[in-house]
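The next block holds one structure in the form of structure tokens; read it before the comments.
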Amino acid sequence: MPRHHDIDEDPVVMEPAELVVFKLVLQFLKTVLLKCCQKLSIAFLSLMEGLSMRGTEQDDVANFDQLSAHWWEPNGQMKLLHKLNKLRVPMVVEGLIKAGKLDRKQRHTTDPLKGLTILDVGCGGGIYTEALAKLGAYIVGIDPAKHLIDVAKAHVATQPDLKDRCHYEEVSMEEHAPKHVGKYDVVVLSETIEHVVDKSLLLKNVATVLKPGGSVFITTWNKTTWAWTLAVVVLEIIMKRLPRGSHDYDKFISIDDVEAMLEGYNCRTIERRPFYLKFWEDEWIWVPFEKMTYAVHAIKE
């Protein structure tokens, strides 16, 4: 939810949190009763096997490298990333309007991000990167996983209207930042920060590459038992919607800690917006509670 009121925003009408939770529980129960029998027989053994898994940053890179061949399958193992574009792409446009970087009239044009330079940190195979490029931005995607960068480059090569505005580099943020100080209008980190050990250094480098007045948009898992249960137990182990071992509670970060770190690097948070996965329908939705996943928009001052 927005914490700061320096910038005028359109009023948002939200249902009470209790009502939203009640509706989600009802929808879930209707679906789970139809599916639970086939899952229960393997859930316990899978759970015992999976709870002990812990990964380093190198392990995470290797895990996602192995999934490179399936990155652009809309109904494959990266399905939830494809689905997340429904929230994270409009959030960039709306956030830049609120920050005064875009005119409201641009909201419904085909290229509202035209003229902006964006960095996608931890871009993977380019699902989010290409979606932003389609809105007119010049965008650079970086990732240390070689196979994923190869996938991203191969896919954008098949998109003649994007390949001149969408570029990829196999490089870490630590290597990229010193060479691109104050270069970008926008930096996005979507489902990235939870795979990094030194989050403060990552956000320091984000602030380094941002122009004054530039925006950073982050989406990630909150550091709560609820988030761990959904990400690891439900989505990785039981339902196998996410790659096994791709999330580690020790690397999760709370929304307050993200905001505090950003503030330490002169980036003021103007919006905190929680969202949730209706995993029985593979649909991400905005919600009024911060127990699971969240988005943050901050501006470099």
note = Treating every alpha carbon of segment 151-301 as one equal point scatterer without solvent, the Debye formula yields log10 I(q)/I(0) values at q = 0.18 Å⁻¹ of -1.16
Mean separation of Cα contacts under 8 Å (6+ apart) over length of segment 165-267, as relative contact order % = 29 percent
message = Rolling a 1.4 angstrom probe over the protein chains, ignoring ligands and nucleic acids, what is the accessible area of Trp286 in square angstrom, nearest 10?
response = 70 Å²
remark   = Nearest-0.05 FRET efficiency for His167 and Lys146 at R0 = 22 Å, using Cβ-Cβ distance, is 0.90
request  = Using R₀ = 30 Å, calculate the FRET efficiency as 1/(1 + (r/R₀)^6) where r is the Cβ-Cβ separation of Leu26 and Asn85; round to 0.05.
outcome  = 0.65
key: Projected label distance in nm at Lys211 and Arg104, using a 7 Å step from Cα toward the beta-carbon   = 2.4 nm
message = Modelling each spin label as a point 7 Å along the Cα-to-Cβ direction, I'd like the Gln159/Leu19 distance in nm, to one decimal.
response = 3.8 nm
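For the pairs Lys114/Lys211; Lys179/Lys204; Lys114/Lys183; Lys251/Lys291; Lys101/Lys183; Lys23/Lys240, flag any whose C-alpha to C-alpha distance is greater than 20 Å.
Lys23/Lys240
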message = Would you report the distance distribution of C-alpha pairs in segment 121-201 as whole percents per 5 angstrom bin, up to the bin with the largest distance?
response = 3, 15, 27, 26, 19, 8, 2, 0
note = Quick calc: nm separation of the 7 Å Cα→Cβ label points for Glu263 and His180 -> 2.9 nm
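The values are calculated or read from the model by the stated rules, or taken from the named source; none is laboratory data. Values in this document were obtained by computation on a predicted structure and should not be read as measured data. Every residue, glycine as well, gets a Cβ built from its backbone with ideal geometry; the counts of neighbours run over all protein chains shown. The accessibility values were calculated without ligands, DNA or RNA, using every heavy atom of the protein model including side chains. Shrake-Rupley method; radii C 1.70, N 1.55, O 1.52, S 1.80 Å.
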